[in-house]
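Q: What follows is a single structure, and I will ask about it in a moment.
Readers should treat all values here as calculations from the given coordinates under stated rules, not as data from a laboratory. Predicted model only: the values in this text are computed from it and were never measured. When we count neighbours, we look across all protein chains shown, and the Cβ atoms used for this are built from the backbone with ideal geometry, even at glycine.
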Amino acid sequence: MKKILYTLAVVVMLVVASSPCCYAAPEEAAVKETAGKDSSKMDWWLNDKFGMFIHWGPSSVAGVEIGWARQTHPFDHEGKPEKIPDAVYDALYKEFNPVDFDADALVRTAKEAGMKYIVFTAKHHDGFSNWATQLSDYNISNTPFKRDICKELADAVHKHGLKLGWYYSTRDWTQPDYLIGDNSKYNDFYHGQIRELLTNYGEVSLLWFDHVAGQWSDYRFQELFDMIYELQPGIIINNRAAKFVTKQTETPDPALVALTQGDFKTPEGKVGVFHKEFPWETCMPMSKMPDGLGGWSYRPEAVTVNFEKCAQMLAACVSGCGNMLLNVGPMSNGSLRPSELENLKKFKPWMETYGESIYGTEGGPYISGQWGGSCTKGNTIYLHVFQWQDGTLQLPPLPRKVLQCEELGGEKVGFTQSGSELLITLENGKTRSLHSVVKLTLADGPDVSLIQVEGAMLKKQYGTLVNQMGEK
């Protein structure tokens, strides 16, 4: 399989060409469909394409990685001695006072950047709750800030017409009942927290779980999902509600496995493989540490990828049939780091020019590869071109006549069409270093099947991080 590796400052993006067939791991193939799932509830998400991920909490006070900087990670990871001692990390909330936090301004920034939904870390692995939960004292009410961050964000999101999503880590390294005994007390706790998040903040459109440990019998997933859908019938859920349930003493019910796989997959820190057969969303930090790790929450040493690469990642996701959830990590005062804010502001004019090639499109017909990718809307094909060859792009032929060819926001382009190729040519043979968007208008005709541009082989759509416990 051909691969292209883009070095995005310190962010590494992998775009892989794939066959049009859907890959499913054996255990997934048996549970591909779940009875009662409503595909129409995905329509807004499939159309909107672009969201903001926010990782934030007391860890920003010390400028360390949220959750992972804590020295011990009970039941999930052995931890590392060079990390912050538990007592020090767990006391950071006593200094968390983001006096400059302005939820309305943050949501307006996301909206102006063209983002259509926001997913916020209500609770990360460290167990701190960014809302006034009644189930734990380790929450925002007991910080110097005191204000309910989740409420302020929810109110602003609803005010500005975006969709609201909560990130919730089922793993919890500070909750004393986590994986103790039959885990029933912890189940009661985290189900109760989910109930609060889905009851007290208006409409919630998305729930983004992040990992568990232990075994299937430690959890009451059917009860959890029944509650979720009762409280928020139209909600969509990612595929991590049962991720890392690996200590299996018996084979789980396939229907339960299918239930917990949710509505979409979540490749992390890389652009997903081209796939039309299931929804997927890349979550990507805008800033990363020099070693390429971390950067989800505010790290002063992190390097922010430049705007051009952010736009290219979005295009790669959309042309690969996916969404992109682009992450920011606010500073301890509540403001966005300047480099991330600058990128978001640059998205506004970019979307004014190129937004029609993003929203409401479907990946294809050309399968993504080193050259770039394509997406379709009605009789229009948008080519996101990452590589020109001496000012030209040679593609396999289309079965329908191209009536018009233009570059969005750019110079004139020419084209020739034959039974053997479609050749796109930049005016005067000019080369282009940054990616271009070429708009093709087609004559009416039959649906266009997927077209392979370069040799490819079947490849799995990887879903998330390497299992830190070393288990399969």
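Q: Can you pull the one-decimal nm distance between simple spin-label points at Lys377 and Thr392, each 7 Å off the Cα toward Cβ?
A: 3.0 nm
Q: May I ask you to list the residues of segment 111-137 whose amide nitrogen lies under 15 Å from a point 7 Å from Cα along the Cα→beta-carbon direction of Glu203?
A: 116-118
Q: Once the piece of chain linking Glu82 and Lys345 is laid out straight, how much longer is it, given 0.36 nm per residue of separation minus the C-alpha distance between them? Spell out each step's value before the answer.
A: Working: separation 263, 0.36 × 263 = 94.68 nm, distance 3.71 nm.
Here the segment from Glu82 to Lys345 would lengthen by 91.0 nm.
Q: Then there's this: Among bridges DSSP assigns within segment 3-357, what percent are antiparallel (round to 5)?
A: Details: 10 of 41 bridges.
Of all bridge pairs located within segment 3-357, approximately 25 percent are antiparallel.
Q: Right, next: Along each of its three principal axes, how wide is the spread of alpha-carbon positions in segment 371-442, in whole angstrom units, largest first?
A: Projected onto its principal axes, the Cα set of segment 371-442 covers 29, 24, 20 Å.
Q: Work out the FRET efficiency for Lys94 and Asp291 from their Cβ-Cβ distance, taking R0 = 22 Å, and round it to the nearest 0.05. All intermediate terms of the calculation are to be shown ahead of the outcome.
A: On the way: r = 30 Å, r/R0 = 1.35.
So the FRET efficiency works out to roughly 0.15.
Q: Let me ask something else. Could you order the peptides 221-227, 163-169, 435-441 from most to least packed, using the average number of other C-beta atoms within 10 Å per residue?
A: 163-169, 435-441, 221-227
Q: Residues of segment 44-63 with backbone nitrogen within less than 14 Å of a virtual label 7 Å along the Cα-to-Cβ line of Glu301, please, listed as ranges.
A: 63
Q: Going by average Cβ neighbours within 10 Å, how do the peptides 278-287, 102-111, 60-69 rank, with the highest at the top? Each step should come with its number before you reach the end.
A: Working: 278-287: 23.8, 102-111: 19.1, 60-69: 21.5.
So the peptides 278-287, 102-111, 60-69, ranked by packing, come out 278-287, 60-69, 102-111.
Q: Please compute the volume of the convex hull spanned by the alpha-carbon atoms of segment 156-204 and report it per residue in Å³.
A: Numbers: hull volume 3.8 nm³, N = 49.
About 78 Å³ per residue, rounded to a whole number.
Q: Hey, rough spin-label estimate for Asp43 and Thr251, points 7 angstrom out along Cα→Cβ, what's it come to in nanometres?
A: Inter-label distance under the simple model: 3.9 nm.
Q: Bin width 20 Å, origin at 0, all Cα-Cα pairs of the chain: what percent of pairs per bin?
A: Values per bin, smallest distances first: 24, 56, 19, 1.
Q: On to the next question. Which angle from 0 to 90°, rounded to the nearest 10, does the C-alpha axis of helix 149-159 make with the longest principal axis of the chain?
A: 40 degrees
Q: Still on this structure, I have one more. Set the bar at 29 Å for Cα to Cα. Now go through Lys116/Lys243; Lys94/Lys116; Lys265/Lys401; Lys348/Lys412 and name every pair that lies beyond it. Can you show the working numbers first?
A: Details: Lys116/Lys243 26 Å; Lys94/Lys116 33 Å; Lys265/Lys401 35 Å; Lys348/Lys412 23 Å.
Flagged as over cut-off: Lys94/Lys116; Lys265/Lys401.
Q: Moving on. Which net charge results for the neighbourhood of Asp444, defined as the other residues with beta-carbon distances under 10 angstrom from its beta-carbon, given Lys and Arg at +1 and Asp and Glu at -1?
A: +2
Q: So what's the angle, to the nearest 10 degrees on a 0 to 90 scale, between helix 184-199 and the longest Cα principal axis of the chain?
A: That helix lies at roughly 60 degrees to the long axis.
Q: What angle, in degrees between 0 and 90 and rounded to the nearest 10, separates the Cα long axis of helix 221-231 from the longest principal axis of the Cα atoms of the chain?
A: Roughly 80 degrees, rounded to the nearest 10.
Q: Where Lys and Arg each count +1 and Asp and Glu each count -1, what net charge lies around Pro365 among other residues with Cβ under 13 Å from its Cβ? Please list the in-between numbers first.
A: Working: positive: Lys276, Lys377, Arg400; negative: Glu362, Asp447.
Here the charged neighbours net out to +1.
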